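The values are calculated or read from the model by the stated rules, or taken from the named source; none is laboratory data. Predicted, not measured: the structure shown is a model, and the values here were computed from it. Positions of Cβ are backbone-derived with ideal geometry, glycine not excepted, and every protein chain shown enters the neighbour counts.
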Amino acid sequence: MFEQVSDKLRKSEKIVFVTGAGISQESGIPTFRGKDGLWRKYDAMQLATIDAFYSNPKLVWEWYEERRRNILSAKPNPGHVAISELQKHKEVHVLTQNIDGLHQRAGSKSVYELHGSIITIKCTACSFKDKIESSFSEIPPTCKCGSILRPDVVWFGEALPQDVWQGAIQQASTCDTMIVVGTSLAVSPANLLPVYAKQNGATMIEVNPEQTMMSETMDLSLRVSSAKALPEIIDIVTK
Ligand code: BV8
Ligand code: ZN
């Protein structure tokens, strides 16, 4: 699968992954835009917004609570594990759009959560923020200060956390190999990261069963699932 880039992979000093919902699909977590469809009758794009939250916090929280239950019972798959294995052999950074925390649960370090985390909950008014893995008895949950709590995720129309975003740009612009896994690259500004890597002359590899917006700019597009392709990368790099 990787013949034409295997020696570049072996010689690579710094590998950066950009991952999306597809890498967690084989852990049983539905993607956004895939045929498995994330939410039966609502459009995820309509729910993952600050307006939806303030106009109907109960509905948005029901959606997040259902996703939290699914995510907390999911396990990292061989794709997540392969990336954390690779970190034992190479300098590897993970720029993820996912909020499921599966990269970290697979043992990966240097994970940039571009769109926040569904595990972390914060107050809409005071500075309260904490990792909460239990489900909430009342929806929407309220803070000690009386205001409602929200998932610490980046909604459409909200800025990405500046420190995470600046760090991600820095990593993408200084890697010699970028591997884009399980993302349609439909969402900005995360979809700019492969552009920065390409501008820096990085070898560009895509792992996605389907074509994406940047397939033409890739040195190698693997039309296979991440759980299948990523362990092969480990074999090549560690052989
Ligand atoms: C911002 C967290 C500015 C929440 C998410 C027009 C109108 C309004 C807004 C915009 C507009 N045009 C552009 C925008 C900006 C907007 C945007 O990009 N919209 C898009 C949809 C057009 N972006 C924003 O609003 C961002 N903020 O721009 O702020 C700003 C600046 C300063 C001050 C104030 C404001 C914020 C974007 C973040 C939104 N939050 N998630 C939650 O998850 O609940 S985005 C959401 O989409 C997820 O994070 C998800 O990860 C992400 C991207 O989707 P993908 O991960 O790519 O998933 P997808 O389903 O699309 O694709 C899966 C892929 O996997 C597929 O290609 C499939 O083939 C593949 N696959 C499937 N199975 C496998 C596989 N691959 C490998 N193996 C498999 N087994
Ligand atoms: Zn509070």
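Just for strands (runs of 3 or more DSSP E) wholly inside segment 76-179: which have at least 3 residues that are modelled with pLDDT of 95 or more and within 15 Å of the chain's Cα centre (by Cα)?
Strands (runs of 3 or more DSSP E) meeting the threshold: 91-96, 111-113, 116-123.
Farther than 29 Å from His89 by Cα, acidic (Asp, Glu) and either surrounded by 19 or more Cβ atoms within 10 Å (Cβ to Cβ) or out of contact with any His (no Cβ under 8 Å at 6 or more places or on another chain) (or both): is that true of Glu232 in this structure?
So Glu232 does not fit the description; no.
Conditions (1) charged (D, E, K, R); (2) assigned by TED's automatic domain parsing to the domain that holds Leu222; (3) in contact with a helix residue (DSSP H, G or I) (Cβ under 7 Å, 6 or more places away or on another chain), marked per residue:
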| position | (1), (2), (3) |
| --- | --- |
| Thr49 | no, no, no |
| Ser55 | no, no, no |
| Tyr64 | no, no, no |
| Arg67 | yes, no, no |
| Gly107 | no, yes, yes |
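Those residues that are among the β-branched types (Val, Ile, Thr) and under 13 Å from the mean Cα position of the chain (by Cα), I need them from segment 180-195; list them, please.
Result: Val180, Val181, Thr183, Val187.
Taking Ser188, is it small (Gly, Ala, Ser) and outside any strand (DSSP E or B)?
So Ser188 passes the test.
What number goes with the only condition from (1) more than 30 Å from Ala125 (Cα to Cα); (2) modelled with pLDDT of 95 or more that Met213 does not pass?
So Met213 meets the others, but not (2).
Among residues belonging to segment 211-227 that are in contact (Cβ under 8 Å) with a residue 60 or more places away in the chain and farther than 16 Å from Ser6 by Cα, point out the one that is nearest to the chain's Cα centre (by Cα).
Looking at the filtered set, the residue picked out is Ser226.
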